[in-house]
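One structure is given here, and the rest of the page talks about it.
Please treat every number below as a calculation from the coordinates, not as lab data. Bear in mind the structure is a predicted one, so any value in this text is a computation, not a measurement. Here Cβ is always computed from backbone atoms with ideal geometry, including for glycine, and neighbour counts include all displayed protein chains.
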Amino acid sequence: VQLQASGGGLVQAGGSLRLSCAGSGRSFSRYIMGWFRQAPGKEREFVAAISWSGGSTYYADSVKGRFTVSRDNAKNTVYLQMNSLKPEDTAVYYCAANGNFLRPKTADEYDYWGQGTLVTVSS
């Protein structure tokens, strides 16, 4: 499985961005998909995850109410809509595939990772 994340960029605080993660392979629709981020000098952290059907979603407390994860299995793509962005959201954002449905927030449970896309939020 190959994952390609895109949509990052520079945005002012309060603005919005939508990240996309396009995946290859016929199994994409069966994967739990996750978004993680890593800011400079910090550990990678969980952002959001979505079940294979899209029926269940999970969010970090820091983004709840501002970010929305969704997916289109027909397009093998998962999205992260980010609203009300804050400077502390600045990070490289990674998508990941094939997580564990019992531990969707755990990075080590994901088998495949994209290359990351940089999001910079200016104050």
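Structure above, values below:
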{"read-out": "Candidate lysines - alpha carbon under 16 Å from Lys86, same-chain residues fewer than 8 apart omitted", "value": "Lys64"}
{"read-out": "Cα-centred dipole magnitude for the chain, charges only on beta-carbon of K, R (+1) and D, E (-1), debye, nearest 20", "value": "260 debye"}
{"read-out": "Gap separating the Cα centres of region 1-35 and region 65-99, nearest whole Å", "value": "6 Å"}
{"read-out": "Positive-end extreme of charge dipole, the chain - chosen from Gly9, Ser24, Thr90 (charges on Cβ)", "value": "Ser24"}
{"read-out": "Inter-probe distance in nm under a simple model that places probes 7 Å from Cα toward Cβ, at Phe101 and Asp61", "value": "2.8 nm"}
